[in-house]
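J.: Before anything else, here's the structure in question.
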Amino acid sequence: MTRASPRHARFVLMRITEIFFSIQGESSHAGKPCVFVRLTGCSLRCVYCDTKYSYAGGREMELGDVLGEVARYPAKLVEVTGGEPLEQEAVYPLMTSLLEDGYTVMLETGGHVRIDRVPAPVIKIIDIKCPDSHEGHSVCWENINLASPHDEFKFVVTSRSDYEWSKAAWSNRLQGLPNTVLFSPAHDDLPPANLARWILEDGLPVRLQLQIHKYIWGSEVRGV
């Protein structure tokens, strides 16, 4: 049976927590105006999660309505996030349709779902969960080999032991790859100065990432 193209699948339903326009706060694209499409639902329960409100609820929207809402904003950069967006089948026609509409598309994923079905042009920000997240067992290590050079890997570091684990994972699995590697302090658990000092002491060629939206608007504000 021939599969309908996303252009002819505008009535595909997905569950959406929120769509909003803000400054991209993370990754090497931080600081850029960006439209965020946050899908509902995630099977992980990371201890530091700052979007627990996206675990459930939301509203069902048709693909065409999501695209229409995105088009209201004056930006051509879109991030598909969650929750875990790859846990909804409708995310694939959503990403394809956004690309067809001329957007640069980013995907924020927890790293436990294979990324092989994600359209190649999408910039994937792939979490590698550290032990203190309590979800370290969930990492899909195959995603390292599936990633494109423009994709990025992110470690959210909660403690010194998380840092040492992340440093070993970088050395054993990521060193020599063209991908940007982000080390991000868990916002309420690890002072950024500590992580910066450890990176400098070790001369580690990774990128320190701060969630700049939280410094602009505060860590408890939604829709920014």
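J.: If you go through segment 14-30 one residue at a time, how many are within 10 Å of Met106 (Cβ to Cβ) and charged (D, E, K, R)?
T.: 1
J.: Out of all the residues in segment 203-224, which are small (Gly, Ala, Ser) and at pLDDT below 85?
T.: Gly218, Ser219, Gly223
J.: Taking the condition of being more than 14 Å from Pro185 (Cα to Cα) and surrounded by fewer than 19 Cβ atoms within 10 Å (Cβ to Cβ), how many residues in segment 145-164 meet it?
T.: The qualifying residues number 5.
J.: Moving on. What single numbered condition from (1) assigned to a loop (DSSP other than H, G, I, E, B); (2) touching a residue at least 12 places away in the same chain (Cβ under 8 Å); (3) farther than 16 Å from Glu26 by Cβ fails to hold for Leu190?
T.: Tallying (1) assigned to a loop (DSSP other than H, G, I, E, B); (2) touching a residue at least 12 places away in the same chain (Cβ under 8 Å); (3) farther than 16 Å from Glu26 by Cβ, Leu190 fails exactly one: (3).
J.: Residue pairs, Cβ under 8 Å, 6 or more apart or interchain, first in segment 98-119 and on the phi > 0 side of the Ramachandran plot, second in a loop (DSSP other than H, G, I, E, B). List them.
T.: Gly102/Lys76; Gly111/Ile128; Gly111/Lys129; Gly111/Val139; Gly111/Cys140
J.: Something else about it: Within 14 Å of the chain's Cα centre (by Cα) and farther than 23 Å from His137 by Cβ: is that true of Val80 in this structure?
T.: So Val80 fits the description; yes.
J.: Check Asn172 against each of (1) under 19 Å from Pro205 (Cα atoms); (2) under 16 Å from the mean Cα position of the chain (by Cα); (3) in a helix (DSSP H, G or I); (4) not charged (D, E, K, R) and name the one condition it does not meet.
T.: So the condition that Asn172 fails would be (2).
J.: Wholly within segment 19-128, which strands (runs of 3 or more DSSP E) include no fewer than the required count, namely at least 2 residues that are at pLDDT below 95 and buried (at least 21 other Cβ atoms within 10 Å of the Cβ)?
T.: Counting at least 2 such residues, we get no strands (runs of 3 or more DSSP E) at all.
J.: Okay, next question. Scan segment 79-89 and give yes if some residue there is touching a residue at least 24 places away in the same chain (Cβ under 8 Å) and over 24 Å from Phe153 (Cβ atoms), otherwise no.
T.: no
J.: Is it the case that Val78 is among the β-branched types (Val, Ile, Thr) and either over 27 Å from Pro131 (Cβ atoms) or in contact with a Phe, Trp or Tyr (Cβ under 8 Å, 6 or more places away or on another chain) (or both)?
T.: Yes, satisfied.
J.: On to the next question. Starting from residues that are among the basic types (Lys, Arg) and without any contact (Cβ under 8 Å) to a residue 60 or more places away in the chain, keep the ones in segment 120-177 and report whichever is farthest from Met106 (Cα to Cα).
T.: Result: Arg160.
J.: Here's a follow-up. Can you name the number of the only condition in (1) in contact with a strand residue (DSSP E or B) (Cβ under 8 Å, 6 or more places away or on another chain); (2) under 18 Å from Asp101 (Cα atoms) that Ser54 fails?
T.: (2)
The values are calculated or read from the model by the stated rules, or taken from the named source; none is laboratory data. Nothing here was measured: the structure is a model prediction, and the numbers come from that model. When we count neighbours, we look across all protein chains shown, and the Cβ atoms used for this are built from the backbone with ideal geometry, even at glycine.
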